[in-house]
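A short reminder: the numbers here are calculations on the coordinates, not readings from a lab. Source: prediction; values computed, not measured. For neighbour counting, all protein chains shown are included, and Cβ atoms are generated from backbone atoms with ideal geometry for every residue, glycine included.
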Amino acid sequence: MNTTDKKLADAQAAAAVSMAEARESACEAKTAVTDAASAAKESAADKLGDIKDAAADKLGDIKEAAADKLGDIKDAAADKLGDIKDAAADKLGDIKDAAADKLGDVKEKGSDILDKVKGFAADILHKGAAGAENLADKLDN
């Protein structure tokens, strides 16, 4: 083998070794990238799970606070409605009493007028009877 052939064979052997080392480095790099991607994916999933849990907790707190506020509003509205109902009942009672008083006044005045009309009619009838009696006396005489 001549020197050129030997150098060529040595170069080919060195190239084969470099190719094998390059393949091994590429496989190691691929494994490192895959491992890093898997770790990033797992970390992101963990973070998203933590965010989801925190959001669920906050929404639960908000829901509970809203339910408490709505309960308070409902209770306050029921109290106000009861107050309005009581006030309306009192006002209606006052109106009823005032109407009864006015009706009593009207009945009393009507009774007074009726008594006066009855008295006037009795006087007229009495005077008419007396006048008729006088007339009968005069006619008899």
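The stretch between residue 81 and residue 18, if pulled fully straight at 0.36 nm per residue, gains 13.5 nm over its current Cα-Cα span. Applying the Karplus relation 6.51 cos²θ - 1.76 cosθ + 1.60 with θ = phi - 60° to the range 86-94 yields 3J(HN,Hα) values of 4, 5, 5, 5, 4, 5, 5, x, 4 Hz, where x marks Gly and Pro. Here residue 127 is the anchor, and the lysines within straight C-alpha reach of less than 24 Å, apart from those fewer than 8 places off in the same chain, are 116, 118, 138. Note on residue 39 and residue 134: the extension gain reaches 20.4 nm, defined as 0.36 nm multiplied by sequence separation minus the Cα-Cα distance. Sequence-ordered 3J(HN,Hα) estimates for the range 59-69 from the Karplus curve with 6.51, -1.76 and 1.60 and θ = phi - 60° stand at 5, x, 4, 5, 4, 5, 5, 5, 5, 4, 4 Hz, glycine and proline given as x.
Relative to one another, the C-alpha centroids of the range 16-49 and the range 50-119 are positioned 76 Å apart. Candidates 77, 32, 65 compared by Cα position along the dipole of the chain: farthest toward the positive end lies 32, with charges placed on Cβ. Largest first and in whole Å, the equivalent-ellipsoid semi-axes of the chain read 131, 15, 5, each the square root of five times a Cα gyration tensor eigenvalue. Taken about its Cα centre, the chain carries a charge dipole of about 580 debye when Lys and Arg each add +1 at the Cβ and Asp and Glu each add -1 at the Cβ.
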